[in-house]
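A.B. asks: Before I ask anything, let me first share the structure, which is written out below as structure tokens.
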Protein chains: 2
Amino acid sequence: MIHETLRLIEGRDDVTLATYVLEDSPELLGGKKRPAVLVCPGGGYMFCSDREAEPVALRFNAMGYHAFVLRYSVLGRGKTPGFLPGATVADPETMHPAPLLDVARAMRKIADDSGAWLVDAGRIALCGFSAGAHNAAMYGAWWNSPLVRDRLGGPAVKPAAAILSYGMYDYTRFEAPTEGFAANLRKAANLALMGTTTPSEELIRTLSPCLHLTSDFPPAFLWANRGDDLVPVQQTLYLATALAEAGLPFETHVFEPGGHGLALADQSTASSRMEVLPEAARWGELAEAWLKPRFALPLEEKPAWMR
Amino acid sequence: MIHETLRLIEGRDDVTLATYVLEDSPELLGGKKRPAVLVCPGGGYMFCSDREAEPVALRFNAMGYHAFVLRYSVLGRGKTPGFLPGATVADPETMHPAPLLDVARAMRKIADDSGAWLVDAGRIALCGFSAGAHNAAMYGAWWNSPLVRDRLGGPAVKPAAAILSYGMYDYTRFEAPTEGFAANLRKAANLALMGTTTPSEELIRTLSPCLHLTSDFPPAFLWANRGDDLVPVQQTLYLATALAEAGLPFETHVFEPGGHGLALADQSTASSRMEVLPEAARWGELAEAWLKPRFALPLEEKPAWMR
């Protein structure tokens, strides 16, 4: 395995791409390229959660795919270990469109180094959680538009698929909580992503992938929990509905038990028993089965020693 | 992840331990230790198969366990990519007991560095394939005996469990093939492990873990394929029977379809479609379920932010 952490922006320690590139061997694909998955952790654009990072990459490795973890621009710049519900100051360098452009940079880097890493650059999937699912869906909606292209300074890499876990996809249909922890968290999340707690209608629309679906949007696998009290489960259904109405391919699963942020919902992403939920953990197998026909490895008819 | 390849013997490049040590995080186990699995690839004591190495380690990583790959002493010394059916010269430095002692060294190294790696040294499992399964079973049988202790120069580390795939466990009940490729391969394998094609009865007995089962032998998970034409499926049944008769814990699965050397039997360990067999691939989930109660992670009641 090639495991290293690369900076994506000169002078910025907080925007990084960690590689989980599988070893090549004459006994395996013998120099042929494999699909890859780029993992975007969540954390409300305030931090990037470790629970939705390395363990997820390893899960895709175990399926036979290269994997990468992107730590994109967030308000805490990688120096704070969690949400920042009391945040009051925005950061122009980490707010929109910075996180979206970081996805573009990561996709570009993977494609540029695909020869050395034996990545099939035509088959790079995004896998995002919560804010990372929003960011991945944003890239799906905007990768082929001036919003990304003009700032990236060149063509962006088409994502081959998107696996989206409990994200926000339509801010125009989101009723923000008005009191308590959730309200403070929402204000901070808006400050982090939008740079303001009172965003314009235009910005709200730009940040809602549901409203910008074209055939450029990748085939998508969406899932969430009915009991999510941080991002309403409707958000997943809005995107599924919009994809259906746009005639685009998708699969969706809503599990009845469980709240927000379960990651893989098994012990590999848990610190506590509250983060383990076997019912929801089935999303991993479902996503694997969904991805498999699209991401089939280039296997020979017979092993080398029989050819 | 800490991924590095360490030499286990001064001056020998061919005996190595590759680490797949999971990242710690306050969001995950926050400094608490995890169980680990030491993977021993197969290859008839002539080579160590890449198909039974990194992809298997990553599979255990995905379950939330640290993993290690041991490349132990083999006739080819890591310089030949496959079987050596025409071999005629033995190598005293790589034949028995060298491969067994390499397991002991690897277990010792993992235990010695368990503080830095956050490994629960009381819960290190062995996972071996074919010759690697034989080697792992040998360690299970002999780790607490002078054969290992006297040469290791100190106490050996007790294995917490053994996951054994399509291995040889009782040479006294093995009728070697007398002609064709299989006969040549068997001769070479005997030369590699035993240093001779005409081993003594005593050596044959020493190399048969079935004959040396005590309560030191770890709980075992054994599986094989009915259609194995290289190592007869009886070998797995002999060990299961011996464990049953000794009153020791085990689980065993024999799948009807499939031949020798399927590894994980899915695309992650395949070079060709002949190495993918969904029926047999179920052994991975079965082993995961078997291991889970023994290897439960030290999870808290609630996540840190709720405590």
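The values are calculated or read from the model by the stated rules, or taken from the named source; none is laboratory data. Predicted model, so just to flag it, every value in this text is computed and none were measured. Reconstructed Cβ throughout: ideal geometry from the backbone, glycine too, with neighbour counts over all protein chains shown. Keep in mind that these areas ignore ligands, DNA and RNA; they rest on the heavy atoms of the full protein, side chains included. Shrake-Rupley method; radii C 1.70, N 1.55, O 1.52, S 1.80 Å.
A.B. asks: Name the shape class, rounded, prolate or oblate, that the alpha-carbon gyration tensor gives for the range A:161-307, where a ≥ b ≥ c are the square roots of its eigenvalues, rounded holds for a/c under 1.5, and otherwise prolate holds if a/b is larger than b/c and oblate otherwise.
C.D. replies: It is oblate, given that a/c is not under 1.5 and a/b is not larger than b/c.
A.B. asks: Residues of the range A:1-17 with accessible area at least 30 Å² lower in the all-protein-chain context than alone (1.4 Å probe)?
C.D. replies: The answer is A:M1, A:H3.
A.B. asks: Follow-up question, since we're still on this one. Any lysines with Cα under 23 Å of the B:K109 Cα? List them, leaving off those in the same chain fewer than 8 positions away.
C.D. replies: Counting by Cα, and skipping residues close in sequence, B:K109 has these lysines nearby: B:K32, B:K33, B:K158.
A.B. asks: Just check chain B against the gyration tensor rule for me: Cα atoms, a ≥ b ≥ c as the square roots of the eigenvalues, rounded for a/c under 1.5, and otherwise prolate or oblate depending on whether a/b exceeds b/c. Please report the intermediate quantities before stating the final value.
C.D. replies: Working: a/c = 1.59, a/b = 1.42, b/c = 1.12.
It comes out prolate by the Cα gyration axes.
A.B. asks: Rolling a 1.4 Å sphere over the protein heavy atoms, what is the accessible area per residue of the range A:126-245, to the nearest Å²? Can you show the working numbers first?
C.D. replies: On the way: 4560 Å² over 120 residues.
Per residue, the range A:126-245 has an accessible area of 38 Å².
A.B. asks: Quick check: from the Cα gyration tensor, does the range A:53-117 come out rounded (a/c under 1.5), prolate or oblate?
C.D. replies: It is oblate, given that a/c is not under 1.5 and a/b is not larger than b/c.
A.B. asks: Here is a follow-up. For peptide B:260-273, what's the mean number of Cβ atoms from other chains within 10 Å of each residue's Cβ? Present the calculation step by step, with values, prior to reporting the outcome.
C.D. replies: Working: counts 0, 1, 0, 2, 2, 0, 6, 12, 8, 3, 8, 16, 8, 6.
If you average over the peptide's residues, the count of other-chain Cβ atoms is 5.
A.B. asks: Per DSSP H run of n ≥ 4, the term is -39500 (n - 2.57); total these for chain B, divide by its residue number, and report the mean residue ellipticity at 222 nm rounded to 500 deg cm²/dmol.
C.D. replies: After summing the helix terms and dividing by the residues of chain B, the value is -9000 deg cm²/dmol.
A.B. asks: Summed for both chains, how many Å² of accessible area, to the nearest 100, are buried between B and A with a 1.4 Å probe? Don't skip to the answer; put the middle values down first.
C.D. replies: Working: alone 13620 and 13630 Å², together 23340 Å².
Approximately 3900 Å², summed over both chains.
A.B. asks: Enter the Cα centre distance for the pair the range A:228-288 and the range B:228-284, rounded to the nearest angstrom.
C.D. replies: Their Cα centres are 34 Å away from one another.
A.B. asks: Provide a whole-number value for the mean count of partner chain Cβ atoms within 10 Å of the Cβ atoms in peptide B:23-30.
C.D. replies: What the average comes to for B:23-30 is 6.
A.B. asks: If you count only protein heavy atoms with a 1.4 Å probe, what accessible area per residue comes out for the range A:56-105, rounded to a whole Å²?
C.D. replies: Result: 33 Å² per residue.
A.B. asks: Taking the Kirkwood radius as the inverse of the mean 1/r across Cα pairs, report the Rg/Rh of the protein assembly as shown.
C.D. replies: My calculation of the ratio gives 1.02.
A.B. asks: Output the antiparallel fraction of DSSP beta bridges having both residues in chain B, as a percent to the nearest 5. Please report the intermediate quantities before stating the final value.
C.D. replies: Details: 9 of 34 bridges.
Expressed as a percentage, antiparallel bridges in chain B total about 25.
A.B. asks: Follow-up question, since we're still on this one. Leaving out ligands, DNA and RNA, and with a 1.4 Å probe, what % of the accessible surface on chain B is carbon or sulfur? Please list the in-between numbers first.
C.D. replies: Values: 6000 of 11670 Å².
It is 51 percent, rounded to a whole number.
A.B. asks: Any residues in the range A:59-89 that have 50 Å² or more less accessible area with all protein chains than in their chain alone, probe 1.4 Å, and which are they?
C.D. replies: A:A62
A.B. asks: List, by residue number, every residue in the range B:288-307 with a reduction of 50 Å² or greater in accessible area between the chain on its own and the complete protein assembly, 1.4 Å probe.
C.D. replies: Going by heavy-atom accessible area, the residues of the range B:288-307 that drop by at least 50 Å² are B:L299, B:E301, B:P303.
A.B. asks: OK, next. Give the percent of DSSP beta bridges with both residues in the range B:1-153 that are antiparallel, rounded to the nearest 5. All intermediate terms of the calculation are to be shown ahead of the outcome.
C.D. replies: Values: 9 of 19 bridges.
Taking every DSSP beta bridge within the range B:1-153, about 45 percent pair in antiparallel fashion.
A.B. asks: Here's something else I'd like to know. In the full protein assembly as shown, how much of A:I163 is accessible to a 1.4 Å probe, in Å² to the nearest 10?
C.D. replies: That residue has around 0 Å² of solvent-accessible surface.
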